[in-house]
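Working notes for the structure below.
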Amino acid sequence: MRSSTVLTALILLAAGCRGQPASSNANNPQEPWTAPPPPADVSHGEAAVGSTDSPAPIDPRAPQPPGSHLLRVRFEVKQARLAIAPGVVYEAWTFDGRVPGPTLRVTVGDTVDFTLVNHGMMPHSIDFHAAQIAPSRVYTNVMPGDSIQFRWSPRVPGAFLYHCGTAPVAMHIANGMYGALIVDPAQPLPPAKEFVFVQGEWYTMASVDARGVLQLDWNKLLGGAPDYVSFNGIAHQYADHPVLVHPGELLRFYVVDAGPNRISAFHVVGAIFSRVYQDGVAAHALEGVQTGWVPPGGGMIFETRLAEPGTYPFVTHAFADATNGAVGMLEAR
Ligand SMILES: [Cu+2]
């Protein structure tokens, strides 16, 4: 058996690939997001939430650019019990009740009108890596029950992290307070099927006041040994629910590493990235890349085309983290 075949087989075994395809064409309205199997319960009927044994996958498709040069964003900080792996529930700190928080998308020169409302039990804040702005003015702590509102304008394109910046920052990020922000260049990139993968880490221990619900283990975090590493908040979700693509079409992955500790070595088994954009897009484009390093707090844009029909794992090639959940499947057909 060829080594690449062995590698793929090992990844498939580690991921326990067993579910139904979960995604479709990001930019073709004729192929909408394919819903997972009927969930055990739903949230007011508007969105599948799955169950703790089988959490619904997070839609990995990149949002479309807004039709306006003014993007109004309002984040509600709240705690939420979320499935971070099948059968594993965690008391998360969130932007808008989800991990990662909503993916934002703007174009260079647009205006972001941002409001943060803190419904939590401690101070929280925001840090947009795409902004060039005085942290002492707008990245300040927002007390429980309070809010902050400010405007800013992105001047550099790329894939960026946003996160809560309240000390200790590692605690707020590891509890789930992070997300991705895409800043498109003024001259748009070529049309492609686009996905967003935000890598994050979960360090868990049993909660003292809620049976079966996990919370942050600070010592595990300081030791850099996560129990789960995830793309978009749930370990192994795109191995259980492969992402559907077509052979030969241009794929674009916005990969952001929230950390707080682990570098993502993003790699698609069976593919080579034709172009990789680090942060400022065109100024740093690389060609012919096998694996791209995305540091904690960083973001990169990966483009590739899959050569033929088949199943292509995507991983962080730091394989302990892939084994712990940072692995998915692209199903090309
Ligand atoms: Cu926070």
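The values are calculated or read from the model by the stated rules, or taken from the named source; none is laboratory data. Model, not experiment: these values are computed from the prediction. We place every Cβ from the backbone using ideal geometry, glycine too, and count neighbours over all the protein chains shown. Areas reflect the complete protein model, heavy atoms only, side chains present, ligands, DNA and RNA absent. Shrake-Rupley method; radii C 1.70, N 1.55, O 1.52, S 1.80 Å.
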The range 287-303 residues that are under 14 Å from Val198 (Cα atoms), paired with ones that are open to solvent by less than 10 Å² (accessible area, probe 1.4 Å) and among the acidic types (Asp, Glu) (beta carbon under 6 Å, 6 or more apart): Val294/Asp257; Pro296/Asp257; Gly298/Asp257
Failed criterion for Ala130 (all others in (1) open to solvent by less than 40 Å² (accessible area, probe 1.4 Å); (2) of a type in the set (Gly, Ala, Ser); (3) within 16 Å of the ligand (Cβ to nearest atom) hold): (3)
Search result, residues across the range 309-323 that are surrounded by 16 or more Cβ atoms within 10 Å (Cβ to Cβ) and of a type in the set (A, V, I, L, M): Val315, Ala318, Ala322
Qualifying residue in the range 143-164 (condition: β-branched (Val, Ile, Thr), within 16 Å of the ligand (Cβ to nearest atom) and within 24 Å of Gln79 (Cβ to Cβ)): yes
Of residues in the range 91-113 being within 15 Å of the ligand (Cβ to nearest atom) and buried (at least 21 other Cβ atoms within 10 Å of the Cβ), the one nearest to Asp217 (Cα to Cα): Ala92
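Residues are listed down the side, and each one gets a yes or a no for (1) assigned to a strand (DSSP E or B); (2) closer than 30 Å to Met121 by Cβ; (3) free of Cβ contacts under 8 Å to residues at least 40 places away in the same chain:
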| residue | (1), (2), (3) |
| --- | --- |
| Pro190 | no, no, no |
| Leu221 | no, yes, no |
| Ser230 | yes, yes, no |
| Leu244 | yes, no, no |
| Arg262 | no, yes, no |
Flag if Pro60 is within 25 Å of Asp240 (Cα to Cα), surrounded by 22 or more Cβ atoms within 10 Å (Cβ to Cβ) and either in contact with a helix residue (DSSP H, G or I) (Cβ under 9 Å, 6 or more places away or on another chain) or at pLDDT below 95 (or both): yes
